[in-house]
Ligand SMILES: NC(=O)c1ccc[n+]([C@@H]2O[C@H](COP(=O)([O-])OP(=O)(O)OC[C@H]3O[C@@H](n4cnc5c(N)ncnc54)[C@H](OP(=O)(O)O)[C@@H]3O)[C@@H](O)[C@H]2O)c1
């Protein structure tokens, strides 16, 4: 018997005609991003699939045949600032409008030692935050020119932490030089940055018609977290019969992203956090989720910290 609840998109939003609209979905070849992409194409949109591995994007896209919309796969490695710039140049070279950008891609470093990108960022923060930060900043003009438009940013329940320990972004030590590294803590920190960035953007973009939101998609049975050591893989395999009943399909996990892109009332809540129901919240009162809901992590709602994050990020990605 299933113990899980799902908050579903309104049928009328999933029936809207999206022909003539253009979206970008990062990490579109897998899991939540793939199902988000599929639904947008089904509704007639053109989706640019921003993928680290183009061949995986092309392979995933074979399953779209017969859908009314269209797609193209473009290379983008979010852990490489030059790759993000090249992606944006290619996109702007052939597109003059952008109705929605879903910053969906993310990863957790499966090694419990830090790994650094060639730009000098810790890998989890690079792929989940800094790459998307640069992409969004470089696409803001086209998003404003295409308004009303939307930006969704995938965070996670993990950003919430617990009442005893709320993660926050260590702006003074992003590369773990003065503190021990823990890969899951690094993921939580990146996911706080995602929520804060959506908050800051909404503040900055007031009156432009560009709406932003951060998202917890649910516990997706995706490829997320695969590739750990053999012990971890064995534990995951043994636990699967239990976790299956409380985790979500990728389609269920795409519901919150689709709601953020398509529902009429989302612009009223720009900058807020939208969460699928989740048994993983340590704060029991959050488990029902909500579109939107209040994050239990005070750092995630702190505009001052969000402004500092963005100021630092601008310098680190070379925009200031
Ligand atoms: N799964 C969950 O339960 C869960 C819970 C909360 C939040 N989330 C968030 O939901 C989002 C989607 O995850 P998912 O569950 O669908 O996982 P997934 O199946 O592993 O998909 C993640 C996607 O991100 C891409 N990606 C990873 N590193 C990248 C990089 N450097 N550049 C560009 N793309 C990169 C992956 O590309 P490759 O295929 O090439 O690796 C893949 O397309 C992530 O942001 C994740 O943090 C997931």
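Below are the figures for this structure:
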read-out: Relative contact order, percent, the chain [alpha-carbon distance under 8 Å, six or more residues apart]; value: 20 percent
read-out: At R0 = 41 Å, FRET efficiency that the Cβ-Cβ distance of residue 75 and residue 10 yields, to 0.05; value: 0.75
read-out: Extension gain from residue 182 to residue 320, taking 0.36 nm per residue of separation minus the Cα-Cα distance; value: 46.7 nm
read-out: At R0 = 25 Å, FRET efficiency that the Cβ-Cβ distance of residue 111 and residue 86 yields, to 0.05; value: 0.35
read-out: Residue order, fewest to most surrounding Cβ atoms within 10 angstrom, among 125, 110, 74; value: 110, 74, 125
read-out: Helical contribution to [θ] at 222 nm, DSSP H n ≥ 4, -39,500 (n - 2.57), averaged over the chain, rounded to 500; value: -11000 deg cm²/dmol
read-out: Cα gyration tensor shape for region 166-223, rounded if a/c is under 1.5, else prolate or oblate; value: oblate
read-out: Fully extended contour minus Cα-Cα distance, from residue 17 to residue 68, at 0.36 nm per residue; value: 17.3 nm
read-out: Spin-label pair residue 54/residue 245, simplified geometry with 7 Å Cα→Cβ offset, distance in nm; value: 4.6 nm
read-out: Shape category assigned to region 35-174 from the gyration tensor of Cα positions, a/c cut at 1.5; value: prolate
read-out: Selected from 165, 306, 222 as most flexible by GNM, with the chain as the system and alpha-carbon contacts under 10 Å; value: 165
read-out: Sites residue 208 and residue 282 - FRET efficiency at Förster radius 25 Å, r taken between beta-carbons, to 0.05; value: 0.10
read-out: Theoretical gain in end-to-end length, residue 221 to residue 307 [0.36 nm per residue, Cα-Cα removed]; value: 27.6 nm
read-out: Region 13-316 shape via C-alpha gyration tensor axes, a/c threshold 1.5; value: rounded
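None of the figures in this text is laboratory data; all of them are computed from the coordinates on show. Note that the structure is a prediction, hence the values are computed from the model and not measured. Heads up, the Cβs are rebuilt from the backbone with ideal geometry, glycines too, and the neighbour counts pull from every protein chain shown.
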